[in-house]
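S.K.: The structure's right below; bear with me while I get my questions together.
The values are calculated or read from the model by the stated rules, or taken from the named source; none is laboratory data. Remember, predicted model here, so these are calculated numbers, not experimental data. Here the Cβ positions follow ideal geometry from the backbone for every residue, glycine too, while neighbour counts run over all protein chains shown.
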C-alpha cells in the first residue's frame, strides 16, 4: 500500500500463516509502511486494536493524517510533477545539517505528511533523501487504492516512541507483536532512525521477556541462530533474498 523499504505485502501469505486471529492488540513497533496489516481481512479481526509505531515521526504524521477524509481528498487532487517533488524534498530537509539523512519536523501539518508521501512514492526507496525523481506512477496508483483502505486507516492507533516503550505500554498475554526492524547491515537506509548495529542484540534480549506472542522478520546473519536458538525459525526464499521468521511459539 504505502511504498517503503522492506515491504512485506509480497510475503503476506507466508507471514499470515503464523499470526493469530483476532488478538486483543496487534502491534508493530517498527511500523514502516505497515504493509502486512493492509493485506489482512479485517472481518477476521473484529475486536483487535491495531497499533502502528515508528521512531520516524514523518511516518507517524503520515499515518495519522491518512485517517482523515480531507487528507485523502487532498492526495487525490494532487498531481505530482518533478517541481512538486523537489518542493516536497525542500519542505523536509534541514539544510543546516551536513548529513542528507537528517530531516526536520516543524509541525504535524498536512503539508509535511503530503510531502513525505510524495517522496515515498516518487523518490528512490533506497535513498529517500537523494532528491532523485522517479516519476509519479506509484503516486497515481496509490490514489486509486485509497478508497478501498478507508476502514483500515481508521482502525490504526499511531504512536512515535522507542520500541522498548511500546513493549512497556502494551505487553500482555493477549498482545501480538509483529516486528520488522531494520535488518542487519541495512540500518543506514532509514532516516530518523536510532536502531543501529548493537540494537539487534538488545532486541533479542528484550523479546525473551515478553508475555505476548511475537513474530520477528530478518534476513539471515551470523548471530541469528545463536540469539534465537530456543525459538522456531522458518524461512522462505524470494526474489531479493531469503526471509527468516522467528516465532515465539
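S.K.: So, in region 59-77, of the ones that are touching a helix residue (DSSP H, G or I) at 6+ places or on another chain (Cβ under 7 Å) and over 21 Å from residue 9 (Cα atoms), which residue ends up surrounded by the fewest Cβ atoms within 10 Å (Cβ to Cβ)?
M.R.: Applying the filter and picking the extreme gives 76.
S.K.: Identify the single condition in (1) part of a helix (DSSP H, G or I); (2) touching a residue at least 40 places away in the same chain (Cβ under 8 Å); (3) in the same structural domain as residue 34 (by TED's automatic domain parsing) that residue 152 does not satisfy, given that it satisfies every other one.
M.R.: (3)
S.K.: Still on this model: Out of everything in region 85-118 that is surrounded by fewer than 18 Cβ atoms within 10 Å (Cβ to Cβ) and part of a helix (DSSP H, G or I), what residue ends up being modelled with the lowest pLDDT?
M.R.: That would be 90.
S.K.: In region 35-43, is there at least one residue being in a loop (DSSP other than H, G, I, E, B) and closer than 24 Å to residue 136 by Cβ?
M.R.: Yes.
S.K.: Picking from 139, 133, which residue would you name as being more than 19 Å from the chain's Cα centre (by Cα) and crowded, with 18+ Cβ neighbours inside 10 Å? Steps first, answer last, please.
M.R.: Details: 139 fails: more than 19 Å from the chain's Cα centre (by Cα).
Only one candidate qualifies: 133.
S.K.: Can you tell me which of 45, 51 is more than 25 Å from residue 191 (Cα to Cα), at pLDDT 95 or above and surrounded by 16 or more Cβ atoms within 10 Å (Cβ to Cβ)? Write out each step before concluding.
M.R.: Numbers: 51 fails: more than 25 Å from residue 191 (Cα to Cα).
Residue meeting the stated conditions: 45.
S.K.: Taking residue 182 and the conditions (1) in a loop (DSSP other than H, G, I, E, B); (2) touching a strand residue (DSSP E or B) at 6+ places or on another chain (Cβ under 8 Å); (3) surrounded by 14 or more Cβ atoms within 10 Å (Cβ to Cβ), which numbered condition does it fall short on, given that it satisfies the others?
M.R.: Result: residue 182 fails condition (2) only.
S.K.: Next question. Return the residue satisfying two criteria in turn: it lies in region 27-42 and is in contact (Cβ under 8 Å) with a residue 12 or more places away in the chain and farther than 24 Å from residue 112 by Cα, and of such residues it is surrounded by the most Cβ atoms within 10 Å (Cβ to Cβ).
M.R.: 27
S.K.: May I pose another question? Outside any helix (DSSP H, G or I) and either in contact with a helix residue (DSSP H, G or I) (Cβ under 6 Å, 6 or more places away or on another chain) or at negative phi (or both): is that true of residue 131 in this structure? Reasoning before the result, please.
M.R.: Details: outside any helix (DSSP H, G or I): yes; either in contact with a helix residue (DSSP H, G or I) (Cβ under 6 Å, 6 or more places away or on another chain) or at negative phi (or both): yes.
The answer is yes for residue 131.
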